[in-house]
Amino acid sequence: MKTCFAALLCAVAATVASADIIVQSTTSTANSGLYDHLLPQFEAEAGYKVNVVAVGTGQAIRNATNCDADVLLVHAKASEEAFVAEGRGVSRADLMYNDFVIVGPAADPAGIAGSEDTEAALRAIAEAGALFASRGDDSGTHKKELQLWSAAGTDPSAASGAWYRETGSGMGATLNAAIGMGAYALTDRATWLSFGNKGDYKVVVEGDPDLFNQYGVILVNPEQCPSVKVDEAQGFIDWLLSDAGQSAIAAHQIGGKQLFFPNAN
Amino acid sequence: MGFGEAWGLALALVLEADRDLLEIVGLSLRVSLAATAIACLIGLPLGALLAATRFPGRGALLILVNALMGLPPVVVGLVVYLSLSRAGPLGFLGLLYTPAAMIIAQTVLITPITAALSRQVLETLHDEYDPQFRSFGLTRRQTIGALLIDGRFALATVALAGFGRAIAEVGAVMIVGGNIDHLTRVMTTAIALETSKGDLALALALGIVLLALALTVNAAVYGLRAGAMRAAHA
């Protein structure tokens, strides 16, 4: 029976071609359809597949630390630089950017609609005790949100469970929860533009330079992780950073709006 | 957005035989049927053994197997992830983020179900036939074989219970499969993905298709079972 089991597993495992690479990525890039747009173009040229695992930035970095990735594509610059500094990644390159926005219900209980000052808006939410839905999952967006609270001089964790609601789940699930309970939420613009369950929600805070959202790409270090397919992984990174890849990123639109802005050096 | 839209979408998906949908449905069936088959190979003989034998510690083992029926899929996923991760003991196999990893996770999840339920079903049968087994002087192995053959119709229901749990779970396959498009995306992870994109009508439509799939498998087993029972009693 053991051999039968092993044979079955091998038969199934054999369906994975050897040159295919695994990218640990954020949910925002996957949910907004970026990979559906990019990968067919790249795969046709390269002749191998790019398999994307979309999780929060924190989990993506942990999975890559366990060597379960060839490439890391996330958006939390400090954590990315730490990953490289620890020798887990070879080097980090800027890939593209967009921005975060705060979305909220039409009723706007904290009266922040139209604001370009994130710190003031967050203080207004805290003072009004208006509901705020946080990712609470160590993702890039969550890290950004904590930075913004800290810059606003407010510690929302004391109100956790009261007006500050930590969902501990992905961006989409958090937006669904926020809209379900009438809470404000911080989200990247790409996820918001492609999100299908907006209800009466709209962007209430945008345009603050503090809301800048940089994405980076990293080759996982083959010295730490011998399983890394260096040539294929580097080939994908090189393509993303090339003129072809950068214009492909710029060409990805939803409803006539560009979601990501390439800025490789 | 509502149930009406979801039913319409579900119908359209099925009628158009959408290629992506067929791929996802196919993988769901392949993974969950394989897991059910392996879980039955392990669980049914184990259940029969537990039903037919008495030994010290049996009570504790029964409690353990019954308790394991309540294993949360996400915990199973985590344990299998840690085992199959490149940093884990079985990392050299390179199975993480493949359908094989999903089969392993679902097998771990449902083997206790097949073992515990078959023990329950076969113990009743064993109590009934025990005098006859004794009079034939059957060995333990022969007794287990006889129980599995005599109980086959009830065991089909046990297998279905395991299959139902496997095809419906999302926590384990999400972690060990990674929900990779065209590689490890199954019905439940696709539903979770569409929900997170806020496309609730499509998510619900996929849920309706999943339910139809489960109905079809159950109806097929029911039909086979009825046919086999008629043949057995003819």
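Coordinate-derived values only; no laboratory data. On a predicted model such as this, the values are computed, not experimentally measured, just so you know. Because the Cβ atoms are built from the backbone with ideal geometry, glycine has one as well, and the counts that use them run over all protein chains shown.
Rank these for me by crowding, A:Lys229, A:Lys77, going from fewest to most other beta carbons within 10 Å.
So the residues, fewest neighbours to most, are A:Lys77, A:Lys229.
Using unit Cβ charges (K, R positive; D, E negative) and no other charged atoms, how large, in debye to the nearest 20, is the dipole of the protein assembly as shown about its Cα centre? Walk me through the intermediate numbers first.
Working: 31 positive and 45 negative charges, 514 e Å.
Dipole magnitude for the protein assembly as shown comes out near 2480 debye.
Using only the alpha-carbon atoms, how far is helix A:34-46 inclined from the longest principal axis of chain A? Give it as 0 to 90 degrees, nearest 10.
20
What does the charge count around B:His182 come to, taking other residues whose C-beta lies under 13 Å from its C-beta (Lys +1, Arg +1, Asp -1, Glu -1)?
Numbers: positive: A:Lys49, B:Arg19, B:Arg185; negative: A:Asp20, A:Asp36, A:Glu43, B:Asp20, B:Glu23, B:Asp181.
With Lys, Arg at +1 and Asp, Glu at -1, the neighbours total -3.
Under 12 Å from the Cβ of B:Gln106, count the other residues' Cβ atoms, weight Lys and Arg +1, Asp and Glu -1, and hand me the total.
That works out to +1.
Using the Cα gyration tensor of segment A:99-211, with a ≥ b ≥ c the square roots of its eigenvalues, what is the shape: rounded (a/c below 1.5), prolate (a/b larger than b/c) or oblate (neither)?
rounded
Within the P(r) computed for the protein assembly as shown, what percentage of the Cα pairs occupies the region above 45 Å?
22
Measure nothing fancy, just the Cα-based angle from helix B:99-136's long axis to the longest principal axis of chain B, in degrees from 0 to 90, nearest 10.
Compared with the principal axis, the helix lies near 20 degrees.
Excluding A:Ala264 itself, calculate the net charge of residues whose Cβ lies under 13 Å from the Cβ of A:Ala264, where each Lys or Arg counts +1 and each Asp or Glu counts -1. Let's see the in-between values first.
Working: positive: A:Arg92; negative: A:Asp94, A:Asp238, A:Asp243.
Here the count lands on -2.
So for B:Met69, B:Met187, fewest C-beta neighbours within 10 Å to most, what's the order?
Lowest count first: B:Met69, B:Met187.
Could you check what % of the DSSP bridge pairs in segment A:99-211 are antiparallel, to the nearest 5?
50
Using alpha carbons only, how many degrees (0 to 90, rounded to 10) separate the axis of helix A:118-128 from the longest principal axis of chain A?
60
Taking springs between alpha-carbon atoms closer than 10 angstrom, which of B:Ala154, B:Ala39, B:Ala166 fluctuates most in the Gaussian network model of chain B?
Most flexible of the set in this elastic network: B:Ala154.
Only sites in a loop by DSSP and with at most 12 other Cβ atoms within 10 Å count here; which trypsin sites (Lys or Arg not before Pro) in segment B:37-91 make the cut?
Working: sites: B:Arg54, B:Arg58, B:Arg86; in loops: B:Arg54, B:Arg86.
Of the trypsin sites (Lys or Arg not before Pro), the ones in loops of segment B:37-91 whose Cβ has at most 12 other Cβ atoms within 10 Å are B:Arg54.
Bins of 5 Å, beginning at zero and ending with the bin holding the largest distance: percent of Cα pairs per bin for chain B, please.
Histogramming chain B at 5 Å steps yields 1, 7, 12, 15, 15, 14, 12, 10, 7, 4, 2, 1, 0, 0 percent.
Considering only chain A, what is the antiparallel percent among its DSSP beta bridges, to the nearest 5? Write down the numbers at each step before the final one.
Values: 23 of 38 bridges.
Just about 60 percent of them are antiparallel.
What is the average number of partner chain Cβ atoms found within 10 Å of a Cβ in B:79-91?
Values: counts 0, 0, 3, 1, 0, 1, 6, 11, 7, 3, 0, 0, 5.
Per-residue shielding by partner chains comes out at 3.
Please identify the longest segment of chain A free of exposed GluC sites (Glu not before Pro), where exposed means a DSSP state other than H, G, I, E or B and no more than 15 other Cβ atoms within 10 Å.
Values: sites that count: A:Glu86, A:Glu116, A:Glu223.
That gives A:117-222 as the longest site-free run.
How well do other chains shield peptide A:224-237, expressed as the mean number of their Cβ atoms within 10 Å of each residue Cβ?
1
For B:170-183, what's the mean count of beta carbons from other chains sitting within 10 Å of each residue's beta carbon?
On the way: counts 0, 0, 0, 0, 2, 4, 0, 1, 9, 5, 11, 8, 3, 8.
Across B:170-183, the average partner-chain Cβ count within 10 Å equals 4.
If you find the alpha carbon centre of segment A:230-265 and of segment B:30-102, how far apart are they in angstrom?
42
Would you check the protein assembly as shown for Lys pairs whose C-alpha atoms are within less than 27 Å, ignoring same-chain pairs closer than 8 in sequence, and give me the count?
21
Obtain the nm distance between the two label points defined at B:Ala168 and A:Ser18 by a simple spin-label model: each point lies 7 Å from its Cα along the Cα-to-C-beta direction.
Inter-label distance under the simple model: 4.3 nm.
Suppose every Lys and Arg Cβ carries +1 and every Asp and Glu Cβ carries -1, with no other charges. What dipole size does chain A come out with about its Cα centre, to the nearest 20 debye?
Roughly 640 debye for chain A.
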